[in-house]
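The values are calculated or read from the model by the stated rules, or taken from the named source; none is laboratory data. Owing to the predicted nature of the structure, the values given are computational and were not obtained by experimental measurement. Every residue, glycine as well, gets a Cβ built from its backbone with ideal geometry; the counts of neighbours run over all protein chains shown.
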Amino acid sequence: MSDPPALETELDRARDLRVSDLADAIESIGFECTRCGACCKGHTTDDGDREPHTATVFPDEVRQLQGAADADENGAHGDDGTAYDWRDVARPMPYGIAEGPEGPEGETFEWALQTDACGDCTFYDETDGTGACTVHDDRPLICATYPFSVALGGTTQPMGEAVDSAGPPVPRADGPAADGSADTERMVRAHECEGLGRDISRSEAEELAAALKERAVRELAEAIAVRDEYEPTDADGVVVHDSEGAKRPDGAPVAGEE
């Protein structure tokens, strides 16, 4: 099997995706959100530990959510009346972060949505067993497209294992899919969700497909920018490398430190 394609090749493939093909695949799988909240909540592992909800968010999406949350709260957050800041919206992706002698330390390469004490998304609200997103109109692309993702023949697996797939074949190099998946895998991947298999209208499928293409393009563009912007740092504590450079957990640039 040949090496996986470069990120730039995957990005070209993402830009060439046809929304109509993605919509066809989504229709064939079927989906309707049941508002169960499973994709917004933390979960208990087999070991009995509580695993927090983890959903990636782009830097500009963090700022958009700050504004949306402030608007919903009439410009204030919490009892102290202060505005939402970066840490109210996002946290460093935990991979690469460890507990050091003076607190968390290490480098990571993505942001995740902030969670509450139960490990649920901070923007998730549940009433009588029915879940709702309090910033639904401004939710990140990964939330707007769940439970679907796009496989483009590379190595990225942003949402884990798929339970179903449809649409065009995954681009192949020398027989198997370039990411090592089975020959039967298709480009549009569906992940575990109780809403799968339900009827979806064509207009809803097309709207979801357009967001799915946008997300595929954005994820690869972000990955390329992170790669190009990355510079090793000897800064103490936690550093998050994103498409805008190295940041502290509060969103402040490491380069601005004295």
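Filtered by the rule that a residue be surrounded by 13 or more Cβ atoms within 10 Å (Cβ to Cβ), assigned to a loop (DSSP other than H, G, I, E, B) and either charged (D, E, K, R) or over 15 Å from the mean Cα position of the chain (by Cα) (or both), the range 100-110 gives a lone residue, Glu110. A search for C-beta distances below 6 Å between a residue of the range 87-112 that is under 15 Å from Ala55 (Cα atoms) and any residue that is assigned to a strand (DSSP E or B) and among the aromatic types (Phe, Trp, Tyr), counting only pairs 6+ apart in sequence or on different chains, returns Ala90/Trp111.
Yes/no per residue for (1) hydroxyl-bearing (Ser, Thr, Tyr); (2) in contact with a strand residue (DSSP E or B) (Cβ under 7 Å, 6 or more places away or on another chain); (3) crowded, with 19+ Cβ neighbours inside 10 Å; (4) in a loop (DSSP other than H, G, I, E, B):
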position	(1), (2), (3), (4)
Tyr84	yes, yes, yes, yes
Ala98	no, yes, no, no
Ala112	no, yes, yes, no
Cys118	no, no, no, yes
Ala132	no, yes, no, no
Ile142	no, yes, yes, no
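If the condition is being assigned to a helix (DSSP H, G or I), in contact with a Phe, Trp or Tyr (Cβ under 9 Å, 6 or more places away or on another chain) and acidic (Asp, Glu), then the range 207-258 contributes Glu219, Glu222. Checking Asp88, Asp70 one by one, the residue that is out of contact with any Asp or Glu (no Cβ under 9 Å at 6 or more places or on another chain) and at pLDDT below 90 is Asp70 and no other.
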